[in-house]
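Structure first, commentary second.
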There are 4 protein chains.
Amino acid sequence: MVTLGIIGAGRIGKVHTESIVNYVRNARIKTVADPYVSDETRDWLLKMGVGSVCGDYHEILNDPEIDAVLICSSTDTHSDISLEAIAAGKHVFCEKPIDHDLGRIKKVMEALSGSKLKYQVGFNRRHDHNFAAVKRAIDEGKVGDVHIIKITSRDPEPPSAQYAAVSGGMFLDMTIHDFDMVRYLAGCEAEEIYTQAAVLVDPEIGKAGDVDTAVITMKMASGAIAVIDNSRRAAYGYDQRAEVFGSKGMAATSNDTQSTVILSNAQGVTGEKPLYFFLERYMQSFATEVKGFVDAIENDTDTAVGAIDGLMPVLMGIAAKKSLDEHRPVKLSEIVY
Amino acid sequence: MVTLGIIGAGRIGKVHTESIVNYVRNARIKTVADPYVSDETRDWLLKMGVGSVCGDYHEILNDPEIDAVLICSSTDTHSDISLEAIAAGKHVFCEKPIDHDLGRIKKVMEALSGSKLKYQVGFNRRHDHNFAAVKRAIDEGKVGDVHIIKITSRDPEPPSAQYAAVSGGMFLDMTIHDFDMVRYLAGCEAEEIYTQAAVLVDPEIGKAGDVDTAVITMKMASGAIAVIDNSRRAAYGYDQRAEVFGSKGMAATSNDTQSTVILSNAQGVTGEKPLYFFLERYMQSFATEVKGFVDAIENDTDTAVGAIDGLMPVLMGIAAKKSLDEHRPVKLSEIVY
Amino acid sequence: MVTLGIIGAGRIGKVHTESIVNYVRNARIKTVADPYVSDETRDWLLKMGVGSVCGDYHEILNDPEIDAVLICSSTDTHSDISLEAIAAGKHVFCEKPIDHDLGRIKKVMEALSGSKLKYQVGFNRRHDHNFAAVKRAIDEGKVGDVHIIKITSRDPEPPSAQYAAVSGGMFLDMTIHDFDMVRYLAGCEAEEIYTQAAVLVDPEIGKAGDVDTAVITMKMASGAIAVIDNSRRAAYGYDQRAEVFGSKGMAATSNDTQSTVILSNAQGVTGEKPLYFFLERYMQSFATEVKGFVDAIENDTDTAVGAIDGLMPVLMGIAAKKSLDEHRPVKLSEIVY
Amino acid sequence: MVTLGIIGAGRIGKVHTESIVNYVRNARIKTVADPYVSDETRDWLLKMGVGSVCGDYHEILNDPEIDAVLICSSTDTHSDISLEAIAAGKHVFCEKPIDHDLGRIKKVMEALSGSKLKYQVGFNRRHDHNFAAVKRAIDEGKVGDVHIIKITSRDPEPPSAQYAAVSGGMFLDMTIHDFDMVRYLAGCEAEEIYTQAAVLVDPEIGKAGDVDTAVITMKMASGAIAVIDNSRRAAYGYDQRAEVFGSKGMAATSNDTQSTVILSNAQGVTGEKPLYFFLERYMQSFATEVKGFVDAIENDTDTAVGAIDGLMPVLMGIAAKKSLDEHRPVKLSEIVY
């Protein structure tokens, strides 16, 4: 039985709480820390069986009973709390991204170096039933040598321009998941990135200095070519697909829907739209990733998504932005930190 | 908060325990009763938060704190325990079927008559996301007047001939779910049934006096025609589909799969087989039905599947068997009880 | 090179003319006979390369250069002209049905007995790419022993009540194709038929003594069970599907569409409706069947659909009607002729 | 009635002959010219109703009865024969590409300038039922403003390295069709192209100086982003898809198959592979494009695919190659001619 503390009781903190209570039999949540927790959330947490709720996360770090922490606080605190938690001897599950600053991620990696502590980054989509099945098809040799990887990732609604301005930009806020997926499916690193991007969804996003539509091409170390297409707004909902093409064939996913019902009538033959909300779409993956983290602690095995997996997508996002700004392909080796 | 007792800690008793613990926030399981419970199951139940485990279900019936019971014991005990539980003033969730004897079901209905107790029968498929979506399409008028209802229901593996011999026969053991689905989707009763059936899967089932393959046609009170096709063994797994055709169009489901991945290679373009095992396929529906039962108690509303819904599919199964035996269409009004 | 005469220049006569001119390289149409041919049709026929157009089909039967005739005249003339053509030593392609009177079909069969003349009935759907692919899957053993055959056959629009009254009824006018398909896919004869039918589409059809909706169950000689569902009107167009289930798996078709385009938008994920019109849907099959007829003559092989294949679906239609009228399963052996 | 001459009796010349004879009622083929025609081909042409077969195409150009020519000879002759035919006052249907040399295409355009002659380039895929349906969805406003265009185009088998060496390279030989499709679907020109490409299928192609796998990104004049992915070899056959994403939704095609049959068995749920051979896949489009050419002559309307449409994809192919060679995005305006 692994004893957990959760730092941050916002949306994702509650998702993890619910997943752990419902699915992770070998873990218990002793403490949740959040300085701004509402009474309603506190009551809900306690009803869910959380031991206690406090304001200061140092209570968690100082509690010798707590084996591991989940860092679910705001993005700008992830690397600092990671460092503190590692110093306190806690295993860490850190929501993505570790940081937008590569140097700070490097510090976390250095702090982990030589340590036996487990560190996992919250790239949940690797644990999704569809994407994991594509990966399995590749690993079983059904695709052969991988030649082309295509990721389609489109959000149902754009963020506010204000959010866009402070989010680190689309590449670090949204594409970061797709960069991780490319690495996961390719089984190797990207060497070079070229970005074609535009503001087609919301001019306010453009005024805030960001883009909302992009096609990003990557040359992978294996020689494969990867391409991501992003939009901040798909009229039909949350579009999350992957297609991997290789010497023996192709593995491709389609979107999940609420039901398989098809309605045939005078207007056409119509199925349901993709699941709209990322929490609904990826709920299973949040449970699976946290289960894996707890199992890695219990069995002393590697986590599925380590600190290096937290670093590389940020590096890719920075390269993608540099490509857009400098209007040329950018090698990942150009990004120094 | 509704306090529950569960009678029977076999497979379905454990499924309900897990669903309640994980999803039904307004209920708690105080006691589980099973005279043959293993140590392993007892430990699991207690770890899941069940208050206590006992051998004699009368402890549950006599416990004034317990509001409602789930009858998950063997089929031959359902009606007797239902009667005892009603007499003890407990709300009842009874696994299907209430009984294979119509007279005994009638006694349960009489015991409920005038009572304010809730009674729900475990026809879980009504709560399945796919079938419920078909029903919703009908209720929203998208299909128009219903003309033809088609249910395909095929098991991945046949039961042993021994089981077939004591199960009440395929119509009461397997088709009973499909009879319920026909009533649910039609929104009315069947008036007449004709059965075409055969032994094509396993000759031992035939020797045991049962059939393993059937096409059953029904005339519904609305004038619609319904048809069920059953097989005890589909080589590709558990095949569970419905198609409702009407004046404005058709709503049809396909099977659920583990993932949406399609593999294209030299052999063809291949998707996954249907989910194989009924617990995996219908897990969500078990949680939804029990949640609904608890809500009906809390809000004092009707249950979704009442005692009459437990009676009619048995009556239909008896009529289907009579049609097969007498080689003619049989009216439901011919079945007296 | 086979020299053909076509008797009847209505819709199907023109379809065959076009198919032969375009696709059947080893045949030429010397003469088309139709007493009521319009100037426009005559011009079109001549432009298509037909040698001559006449009013009296006896010119064709008396022409020693003509090897074979296609009987595309009105249904009530099929058997008489078949007999005359056989007497004149012509090979015959006869549009379905040969006759609605079994005795008259029998006469045609007797006339053919011992003759070397080829006789083919126009059950074109056997030659359709989808249905032929299902048959091929069965023949290649991919389905295993056939247990259940399901045919869905729904028209886009009902006929007028006047037509319904003189058409021989839905079973002989529409279901006859599906009876043929059941025999084709089962590879054996039906032994018994049970009909459940209703008037749900158009009350005028009921007043004319016919039905417009039916589910027809058959016991096949092999032990397999077949079921046809028919409607005279599907709001989404022409619905033509087959599903064959057996010991090793299932082969199923879906409908053809004009394109594969799927539109995803705020309303859903929508594909095209089935091809609406039978000529559009089955155009390829008309060409293939006539090509096969000409090849059978040239190579002196059996035709794909002989006179017995013209007889049996009519017999099945009569049995289906008798089942409906007498409200009981009817054995095919009860129908004497 | 338009009188045609066909120059070149190779594969595509025969395809057009067959299409015209079978489907184009308002045209006749008077002469086919090919210096290397085999006896077998000559016989086949005459049997198809072609008036005569000659060796020298100048017979066609000098024949005052002939209104229009189809240039189906080898690629290196297209521009010269186009110029001769225009000079001879013939309407021209020219197989793609007009030339690989932009200056020579320009000469053809100059020759046409001010002329009333019709000129059509053989980009047949615009006339394909699937791609035309995507275009229709865009034109009807169903996609809204176009943001992202994705073309997948993969061949079933790579060409020989020898062919690759003389074909002008993959971009001019294969991608040229996809460049045309991008322009067609975008309704505007590309402004800039970036190529990521590799040799992953056949090292011999690399030795011949060509590539066999590519992802090509384009910035369109409208602001939309387009991306083409190419492979010279898909294990599952000929993969030809398009996806257009815009402000209101997405229109996407899937591949055509020989039948709609799905086989469900212990191995999975398997549909047919895409049609393998381009002639089989695109047969309908060849007939439609030639029909359109003849109609444009008869009705004195613009052709669907003019000389400018022959120029631009070549220009795009040259820009794509330059991008690959210089490892940077290339503006189309950089390509001077």
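For this structure, a couple of remarks:
- Residue that is of a type in the set (Gly, Ala, Ser) and farther than 28 Å from B:Met283 by Cα, where the choices are B:Gly206, B:Gly237: B:Gly206
- Taken over the stretch D:263-276, the criterion of being surrounded by 21 or more Cβ atoms within 10 Å (Cβ to Cβ) and hydrophobic (A, V, I, L, M, F, W, C) is satisfied by D:Leu263, D:Val269.
- For D:Met312, the criteria (1) closer than 20 Å to D:Val108 by Cβ; (2) assigned to a strand (DSSP E or B) hold in every case but one, which is (2).
- Boolean, D:Ala242 is outside the structural domain of D:His91 (by TED's automatic domain parsing), outside any helix (DSSP H, G or I) and buried (at least 18 other Cβ atoms within 10 Å of the Cβ): yes
- Residue match in the stretch D:66-78 (condition: acidic (Asp, Glu), more than 14 Å from every other protein chain (Cβ to nearest Cβ), surrounded by fewer than 20 Cβ atoms within 10 Å (Cβ to Cβ) and out of contact with any helix residue (DSSP H, G or I) (no Cβ under 6 Å at 6 or more places or on another chain)): yes
- Entry remark, the stretch C:170-200: residues being touching a residue at least 60 places away in the same chain (Cβ under 8 Å), aliphatic (A, V, I, L, M), away from chain B (no Cβ under 14 Å) and under 22 Å from C:Arg328 (Cα atoms) number 2 in total.
- Condition met for D:Val37 (hydrophobic (A, V, I, L, M, F, W, C), touching a residue at least 12 places away in the same chain (Cβ under 8 Å) and within 14 Å of another protein chain (Cβ to nearest Cβ)): no
- From the list D:Asp80, D:Asp145, the one residue that fits, being more than 21 Å from D:Gly310 (Cα to Cα) and acidic (Asp, Glu), is D:Asp145.
- Index of the failed condition, B:Asp295 passing every other in (1) in a helix (DSSP H, G or I); (2) farther than 30 Å from B:Val21 by Cβ; (3) touching a residue at least 12 places away in the same chain (Cβ under 8 Å): (2)
- Filter result (assigned to a loop (DSSP other than H, G, I, E, B), under 24 Å from D:Ala87 (Cα atoms) and of a type in the set (D, E, K, R)) within the stretch D:14-66: D:Asp34, D:Asp56, D:Asp63, D:Glu65
- Residues in the stretch A:112-130 that are within 14 Å of chain B (Cβ to nearest Cβ) and part of a helix (DSSP H, G or I): A:Arg125, A:Arg126, A:His127, A:His129, A:Asn130.
- When we screen A:Asp155, A:Asp173, A:Asp180 for residues that are among the acidic types (Asp, Glu), at pLDDT 95 or above, closer than 19 Å to A:Phe277 by Cα and crowded, with 20+ Cβ neighbours inside 10 Å, the only hit is A:Asp155.
- Test: residue in the stretch C:135-143 that is of a type outside the set (D, E, K, R), modelled with pLDDT of 95 or more and touching a helix residue (DSSP H, G or I) at 6+ places or on another chain (Cβ under 9 Å): yes
- Qualifying positions in the stretch A:245-267 - part of a strand (DSSP E or B), small (Gly, Ala, Ser) and facing another protein chain (nearest Cβ under 7 Å): A:Gly249, A:Ala251, A:Ala252, A:Ser264
- Residue match in the stretch C:49-57 (condition: more than 21 Å from the chain's Cα centre (by Cα), touching a residue at least 24 places away in the same chain (Cβ under 8 Å), surrounded by fewer than 21 Cβ atoms within 10 Å (Cβ to Cβ) and not assigned by TED's automatic domain parsing to the domain that holds C:Leu172): yes
- Hits in the stretch D:294-309 (condition: charged (D, E, K, R) and either surrounded by 21 or more Cβ atoms within 10 Å (Cβ to Cβ) or in contact with a strand residue (DSSP E or B) (Cβ under 7 Å, 6 or more places away or on another chain) (or both)): D:Glu298, D:Asp309
- Subset of the stretch B:277-293 that is in contact with an Asp or Glu (Cβ under 9 Å, 6 or more places away or on another chain) and away from chain A (no Cβ under 14 Å) - its residue that is surrounded by the most Cβ atoms within 10 Å (Cβ to Cβ): B:Phe286
- Odd one out for D:Lys322 among (1) more than 13 Å from every other protein chain (Cβ to nearest Cβ); (2) in a helix (DSSP H, G or I); (3) in contact (Cβ under 8 Å) with a residue 40 or more places away in the chain: (3)
- Looking only at residues in the stretch A:211-239 that are closer than 25 Å to D:Tyr236 by Cβ and more than 7 Å from every other protein chain (Cβ to nearest Cβ), the one that is surrounded by the fewest Cβ atoms within 10 Å (Cβ to Cβ) is A:Ser222.
- Residue that is surrounded by the fewest Cβ atoms within 10 Å (Cβ to Cβ) [pool: residues in the stretch D:131-151 that are of a type in the set (A, V, I, L, M), in a helix (DSSP H, G or I) and at the interface with another protein chain (Cβ under 9 Å from one of its Cβ atoms)]: D:Ala132
- Extreme residue, farthest from the other protein chains (Cβ to nearest Cβ), among residues of the stretch C:152-163 that are assigned to a helix (DSSP H, G or I) and either touching a residue at least 60 places away in the same chain (Cβ under 8 Å) or more than 16 Å from C:Thr213 (Cβ to Cβ) (or both): C:Gln162
- The stretch B:231-272: number of residues that are of a type in the set (S, T, N, Q) and either under 18 Å from C:Val143 (Cβ atoms) or under 20 Å from the mean Cα position of the chain (by Cα) (or both): 7
- For the stretch D:64-79, a residue qualifies if it is within 15 Å of D:Cys54 (Cβ to Cβ) and among the charged types (D, E, K, R), and exactly one does: D:Glu65.
- Residue check for D:Ala214: over 28 Å from A:Met220 (Cα atoms), touching a residue at least 40 places away in the same chain (Cβ under 8 Å) and part of a strand (DSSP E or B): no
- B:Lys331 satisfies every condition listed in (1) of a type in the set (Lys, Arg); (2) buried (at least 19 other Cβ atoms within 10 Å of the Cβ); (3) more than 30 Å from A:Glu243 (Cα to Cα) except (2).
The values are calculated or read from the model by the stated rules, or taken from the named source; none is laboratory data. These figures come from a predicted structure and were not determined experimentally. Reconstructed Cβ throughout: ideal geometry from the backbone, glycine too, with neighbour counts over all protein chains shown.
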